[in-house]
Amino acid sequence: MRGSLNPMAPHTKHPVAAPPTAPERESTGHLLLRGYIILVLFATFAHSAVYNLLGAVGAAITLVAFLLATVAIGVPMLARSRPQPFPWRRLPWAATAYTVLALVSVAWSQWRGATLITWVLLAAVTVNALFIVHVLTWREIVRALASAFKWILGLSLAVELWVALVVRGPILPNFFDRPEGELDAQWYWVRGNLFDGDRVQGIVGNSNLLAIVSLFAIITFGILFAARARWRTTLGLWILLAAFFLVRAGSATAYACTAAAAAVLVVALLMRRTATPRGRTRLYALVLGGGAVLAAAVWLLQKPLLALVGRSSDLTGRSDKIWAKVLERAAEHPLFGNGFSSPWVPFDPAFAGWIEDHGITVFHAHNMWLDVLMQLGVLGVILIGLAYLSLLWRSWFFAVDRPRWDLHAARPYSPLTLVPSLFTVVLLVQGFTESTPIMLWGWMLLVMLSFKIKAVPLVGVGERERVIERGERARRVP
């Protein structure tokens, strides 16, 4: 009688597989590295808070200190090819060429001191962005951004509560004592409007900036929520806090960015559900046609729409006070520009008192395209246009194309692939009324996302897979 038919054959409830083991933990060195990168992201996105706390010199020293620390950490890693050889061929060449042109412009700059100072800041941000891409995976980058946004939102809530309940009055940068008499509200760091219904500024000291950071936070937290990250209830609470600040900041630009990001998200999700090329072609035609009609309607109804959000038809003085003067200066040197300076250095004679708003020297043109045209001319506009067009193109197909590197065509989409396209659209829309997309955190996002998509076009594939927070192992794509 065969053993398989023997009713007396022994049975066991224990599996034959290897015994379970504890999840692998991240090394202490990598945890410290991630903590350092979160600090870099916080200092970059909340640079205005550092500026209000330490002043212009202190803020510049902070960025340079981070640059030196990154070089000190990164050079030994490159020498040992850790965690992998640096992908030089995958650099974002349009953004790199723009950085080189900004430095070369010192030869003909009308404000050489400002060019050198601001180029060092641009180089510091660029080096940090490249370093972050090289040492972190896609999942780790999104988590690091989420952590930085949590710190900004949490500290913004804390400082707003402190000013409203304890100080009971607005505070000036560097905690200077308030002078006697009436002072323009634009001079204050935090005005203490948390409970009076007016616009709030948060720790960054600027309502428009707080609103955009809140929008980035909502996108990041929402993507992690969709990716089924741990502590989803806590993520939901952070989304509510970010939405609260987005509304209370009252930024018309942020509202427009929110609408654009929502529209792109809907179209991307529809594209993911459309399996055939013919279906995608029809959807593209429908979206482009509808977008053209919507753009025409917005253009024709711009005055009532601006009035609806409490803005004037000249975009709060931008077209008359700022853009006209910027175009006049750009016309003096149209091809190569007047010289790089992002932001404008307020103590340089070329900018001090040139354009003022509420008695404060304006730091930028409030339009990134006009700003680049004035600084680096038509050549600079072409380079920055190529940089953003390349990122927009790559990030879109990164989001809507199914991950594939062999004959298997049914792999699931990753929610993380939506982050670059949503961030890029926000930056492009914001660029019509702000110059932030070409400086500081805007430039960091441009370089970081462009480089990462080129170096690692698939989430979790072709890169060093590290163990992530709390011992959870990153899921590998089969």
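Starting from segment 100-122, keep only residues that are in contact (Cβ under 8 Å) with a residue 12 or more places away in the chain and over 14 Å from L383 (Cα atoms), then list their pairs with residues that are charged (D, E, K, R) and in a helix (DSSP H, G or I) whose Cβ atoms are within a distance under 9 Å, requiring at least 6 positions of separation or different chains.
Listed pairs, sorted by first residue: V106/R112; Q110/R329.
Limited to segment 53-82, what total is found for residues that are outside any helix (DSSP H, G or I) and hydroxyl-bearing (S, T, Y)?
Residues that pass the stated criteria total 1.
Could you list, in sequence order, all residues of segment 176-218 that are surrounded by fewer than 24 Cβ atoms within 10 Å (Cβ to Cβ), part of a helix (DSSP H, G or I) and modelled with pLDDT of 90 or more?
Within segment 176-218, S207, N208, I218 qualify.
Would you be able to say whether some residue in segment 358-373 is surrounded by fewer than 16 Cβ atoms within 10 Å (Cβ to Cβ), β-branched (V, I, T), without any contact (Cβ under 8 Å) to a residue 60 or more places away in the chain and touching a Pro at 6+ places or on another chain (Cβ under 9 Å)?
Within segment 358-373, none of the residues are surrounded by fewer than 16 Cβ atoms within 10 Å (Cβ to Cβ), β-branched (V, I, T), without any contact (Cβ under 8 Å) to a residue 60 or more places away in the chain and touching a Pro at 6+ places or on another chain (Cβ under 9 Å).
Residue by residue, here is whether (1) closer than 24 Å to L446 by Cα; (2) modelled with pLDDT of 95 or more; (3) in contact with a helix residue (DSSP H, G or I) (Cβ under 9 Å, 6 or more places away or on another chain) holds:
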position	(1), (2), (3)
W344	yes, no, yes
F351	no, no, yes
H364	yes, no, yes
G377	yes, yes, yes
V381	yes, yes, yes
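Would a scan of segment 412-431 turn up a residue that is out of contact with any Gly (no Cβ under 6 Å at 6 or more places or on another chain) and modelled with pLDDT under 85?
Yes; the residues of segment 412-431 include at least one that is out of contact with any Gly (no Cβ under 6 Å at 6 or more places or on another chain) and modelled with pLDDT under 85.
Of all residues being part of a helix (DSSP H, G or I), touching a helix residue (DSSP H, G or I) at 6+ places or on another chain (Cβ under 7 Å) and of a type in the set (V, I, T) in segment 134-175, which is farthest from M77 (Cα to Cα)? Just the residue, please.
The extreme case among them is I152.
Here is a list: A285, A292, A256. Which entry is within 25 Å of M444 (Cα to Cα) and of a type in the set (G, A, S)?
None of the other options fit; the residue is A256.
When you look at T137, is it hydroxyl-bearing (S, T, Y), at pLDDT 95 or above and more than 17 Å from F363 (Cβ to Cβ), yes or no? Before the answer, list the steps.
Working: hydroxyl-bearing (S, T, Y): yes; at pLDDT 95 or above: no; more than 17 Å from F363 (Cβ to Cβ): yes.
It is false that T137 is hydroxyl-bearing (S, T, Y), at pLDDT 95 or above and more than 17 Å from F363 (Cβ to Cβ).
Would you pick out the residues in segment 236-249 that are crowded, with 18+ Cβ neighbours inside 10 Å and not basic (K, R)?
Answer for segment 236-249, where residues must be crowded, with 18+ Cβ neighbours inside 10 Å and not basic (K, R): W238, I239, L241, A242, F245, L246, A249.
List every residue pair whose Cβ atoms lie under 9 Å apart, where the two residues are 6 or more positions apart in sequence or sit on different chains, the first residue falls within segment 240-255 and is under 21 Å from H366 (Cα atoms), and the second residue, located anywhere, is modelled with pLDDT under 95 and acidic (D, E).
G250/D198; T253/E434
Just for segment 319-353: of the residues that are small (G, A, S) and in contact (Cβ under 8 Å) with a residue 60 or more places away in the chain, which one is nearest to S109 (Cα to Cα)?
G339
Could you please find all residues in segment 83-114 being over 25 Å from the mean Cα position of the chain (by Cα), assigned to a loop (DSSP other than H, G, I, E, B) and surrounded by 15 or more Cβ atoms within 10 Å (Cβ to Cβ)?
S109, Q110, W111
Among (1) in contact with a Leu (Cβ under 9 Å, 6 or more places away or on another chain); (2) farther than 30 Å from E160 by Cα, there is one condition A49 misses while meeting the rest; what is its number?
Result: A49 passes all but (2).
The values are calculated or read from the model by the stated rules, or taken from the named source; none is laboratory data. All values derive from a computational prediction rather than experimental measurement. Glycine gets a Cβ as well: all are built from the backbone with ideal geometry, and neighbour counts include every protein chain shown.
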